Amino acid sequence: MTHHEDRISALLDKMNLTDMVTLLSGEDFWSIAALPEYGIGKLRVTDGPNGARGSGSFFQEGGARVSSACFPVGIALGASWNPDLVQEIGAAIAVETKSKGAQVCLAPTVNIHRSVTNGRNFECYSEDPELSADLTTAFVRGLQGQGVAATVKHFVGNESEIERTTINSEIDERSLREVYLRPFEDAVKRANAWGIMTSYNKLNGTYTAENEWLLQDVLRGDWGFDGFVVSDWFGSRTTAPTIKAGLDLEMPGPTRDRGDKLIQAVEQGEVSVDDIRERARTMLRLMARVGCLDEMPPYGEVTDDRPEHRALIRAAGAECAVLLKNNDALPLAKDSKIAVIGPNAKVAQIMGGGSSQLNPHYRISPWEGLVAKVGEGNLAYAAGCQNHRWEPLISGDITVEFFARDDLGGEVVATSKLQSAVEFLYPEPVEGKIGQNDFSCRASVDYTATESGPHSFGLHTAGRSRLKVDGQVVIDIWDDWTKGRTFFEEGCDERTGMIDLQQGQTYRIEMELQTVPAANLVNPAFRFGVSRPLGDAAIAEAVAIASANEVALVCVGRSGEWDTEGSDLDHISIPGRQDELVKAVAAANPNTIVILQTGGPVEMPWIDEVAAVLQ
């Protein structure tokens with residue numbers, strides 16, 4: 001380390017103010033600019049913590065994007081109570097991070113399960129601060145043992161997603177130190193974490209990114225932290241106060257608060273050159289630790305689907321599953337005739353929503369696993385009901401036309417192709433031909449109905465929008481658009497509209513979007529989908545196959561639409577008619593086994609009526 005520090009001091013002595021300031025903010029969404037004249041390579045980061053996505057959008061899967069290993073989420077790892085397992089997963093995610101051309105993983109997420117309705121509980125380990133501290137320490141050791149920097153987040157008081165970019169978390173010091181700070185403290189003291197990410201919220205009246213007591217007195221003073229502190233994306237709001245408080249890196253780029261503004265703050269005496277030098281020293285120390293001060297390999301993102309990672313994921317998944325009840329119903333006899341029921345039966349619910357989403361190497365649904373184990377001839381299937389929060393995405397050959405004006409007027413300045421009707425339009429989608437948050441676009445796709453009858457279309461957008469079916473406006477969110485709980489609280493809540501469609505007929509679907517000024521996170525985006533609503537007949541079909549088979553496996557719960565960053569839950573009942581479905585199936589078959597897939601606790605009003613429950 002002494003060698004690194006001597007080398008860093010020598011570099012700082014050579015740098016002018018502009019060079020040092022360059023190190024303190026992002027060049028783009030995922031990187032800090034190289035300074036080749038000093039031998040400094042480009043530093044890249046990737047989201048975690050249940051994998052390493054790379055630079056792709058968290059709203060899209062598949063297509064041309066590289067895929068990633070998807071490990072069990074934090075709440076699952078918490079249920080393992082196994083630090084050795086978590087350390088092994090940290091080491092594997094380091095390998096994945098390198099496969100995405102990055103040196104820093106934005107992980108682990110170690111906030112406390114303070115409320116049962118927190119939408120991001122799935123990403124965190126536990127309600128117990130000591131268990132969280134042990135698992136955090138293990139993950140950081142595993143990751144950094146492979147030369148990849150951890151970024152322990154979110155520091156601190158981000159235990160709810162409601163208005164998280166502006167909310168004030170009021171926490172007394174004893175509670176902070178005994179509960180909320182414990183995982184961070186052990187990450188620093190026991191695992192020598194190289195990075196900490198500040199949260200969006202205020203702590204006792206001051207935003208954490210400019211909270212001098214938190215970053216200087218506690219983190220660096222009390223704990224002796226010598227790593228870097230980075231803002232959550234768009235979580236830095238000021239220039240001089242964040243520098244004085246000890247925020248080293250503003251992300252993402254291009255900068256909003258630093259660059260020329262920071263140089264001007266130095267010239268006006270608001271920030272000293274010594275302050276800048278200290279923040280730059282911390283960034284150079286990070287670069288030394290991860291190898292950016294040495295020869296950098298060529299940048300590239302690749303799919304690296306390793307058999308040993310698959311084996312680790314499977315072993316961890318088994319260890320993380322919890323048997324909540326078993327009246328001699330499990331294990332199943334190999335020759336059992338099984339009714340497989342529920343909205344999660346043919347969908348692999350393997351992660352929550354938000355920045356931790358990735359494009360997985362593979363997904364195996366409960367149905368697919370059972371077919372592989374016992375053969376389709378021993379199985380029967382019925383969905384029973386639906387549990388989606390938003391109408392299922394329309395997929396296909398979707399064309400998006402962009403207009404430099406905000407009224408869909410003038411020439412089309414660019415077009416892009418999508419395979420799924422969801423798009424996160426930041427960074428700029430068409431290379432400077434439109435403004436970041438001042439344009440309009442039209443997405444078009446042909447949709448062929450597979451059934452006749454009423455269809456429910458759904459739309460939510462970060463901007464004014466409407467959806468048309470063969471020219472008929474089915475959803476209109478133009479004049480009365482208002483911010484809601486989608487797209488990290490920059491988008492409206494979903495609106496739906498019903499229209500009758502005929503089986504086999506193809507319809508032209510058009511979605512039009514006009515951007516609006518962002519409240520905080522620059523995030524123009526859209527999502528639209530459609531479903532054929534299920535009713536009483538679907539539950540009756542499930543009851544019929546449950547009666548006709550020896551065992552009924554009911555796969556219910558939530559998805560990453562419910563358990564997601566940027567939105568808390570209204571309640572902890574499983575959504576839709578799933579409780580009703582479980583009760584009806586249990587009444588028809590005494591050997592009913594419930595497979596729960598959720599990112600947090602749920603009510604189980606049917607627990608006494610079923611033979612087994614596997615969480």
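The values are calculated or read from the model by the stated rules, or taken from the named source; none is laboratory data. This is a predicted model, so every value here is computed, not measured. Virtual Cβ from ideal backbone geometry, glycine too; neighbours counted across all protein chains shown. What goes into the accessible areas is simple: the full protein's heavy atoms, side chains included, and nothing from ligands, DNA or RNA. Shrake-Rupley method; radii C 1.70, N 1.55, O 1.52, S 1.80 Å.
For first residues located in the stretch 77-89 and among the aliphatic types (A, V, I, L, M), partners that are assigned to a loop (DSSP other than H, G, I, E, B) and lie 6+ apart or on another chain with Cβ distances below 7 Å form the pairs Leu77/Tyr125; Ala79/Val322; Ile89/Phe71.
If the condition is being assigned to a loop (DSSP other than H, G, I, E, B) and either at pLDDT 95 or above or open to solvent by less than 50 Å² (accessible area, probe 1.4 Å) (or both), then the stretch 238-255 contributes Thr238, Thr239, Gly246, Leu247, Asp248, Met251, Pro252, Gly253, Thr255. Please determine whether any residue of the stretch 488-506 is in contact with an Asp or Glu (Cβ under 7 Å, 6 or more places away or on another chain) and open to solvent by less than 20 Å² (accessible area, probe 1.4 Å). Within the stretch 488-506, not a single residue is in contact with an Asp or Glu (Cβ under 7 Å, 6 or more places away or on another chain) and open to solvent by less than 20 Å² (accessible area, probe 1.4 Å). Note on the stretch 258-274: residues that are assigned to a loop (DSSP other than H, G, I, E, B) and not hydroxyl-bearing (Ser, Thr, Tyr) total 6. For the residues Gly205, Gly224, the requirement of being among the small types (Gly, Ala, Ser), out of contact with any Phe, Trp or Tyr (no Cβ under 8 Å at 6 or more places or on another chain), surrounded by fewer than 22 Cβ atoms within 10 Å (Cβ to Cβ) and under 25 Å from Ile162 (Cβ atoms) singles out Gly205. Scanning the stretch 267-315 for residues that are aliphatic (A, V, I, L, M), within 20 Å of Leu11 (Cα to Cα) and at pLDDT 95 or above yields a count of 9.
When the stretch 371-397 is filtered for residues that are open to solvent by 40 Å² or more (accessible area, probe 1.4 Å) and touching a helix residue (DSSP H, G or I) at 6+ places or on another chain (Cβ under 7 Å), only Tyr381 remains.
Within the stretch 306-350, the set of residues being out of contact with any strand residue (DSSP E or B) (no Cβ under 9 Å at 6 or more places or on another chain), surrounded by 13 or more Cβ atoms within 10 Å (Cβ to Cβ) and part of a loop (DSSP other than H, G, I, E, B) comprises Arg306 only. Per the conditions (1) part of a helix (DSSP H, G or I); (2) touching a strand residue (DSSP E or B) at 6+ places or on another chain (Cβ under 9 Å), the sole criterion not satisfied by Glu178 is (2).
Within the stretch 256-282, track down each residue that is open to solvent by 60 Å² or more (accessible area, probe 1.4 Å) and among the small types (Gly, Ala, Ser). Answer for the stretch 256-282, where residues must be open to solvent by 60 Å² or more (accessible area, probe 1.4 Å) and among the small types (Gly, Ala, Ser): just Gly269. Asn211 satisfies every condition listed in (1) more than 21 Å from Ser356 (Cβ to Cβ); (2) surrounded by fewer than 24 Cβ atoms within 10 Å (Cβ to Cβ) except (2).
Checking each residue in the stretch 445-470 for being within 18 Å of Ala421 (Cβ to Cβ) and open to solvent by 20 Å² or more (accessible area, probe 1.4 Å) picks out Asp446, Tyr447, Thr448, Thr450, Arg464, Arg466, Lys468, Asp470.
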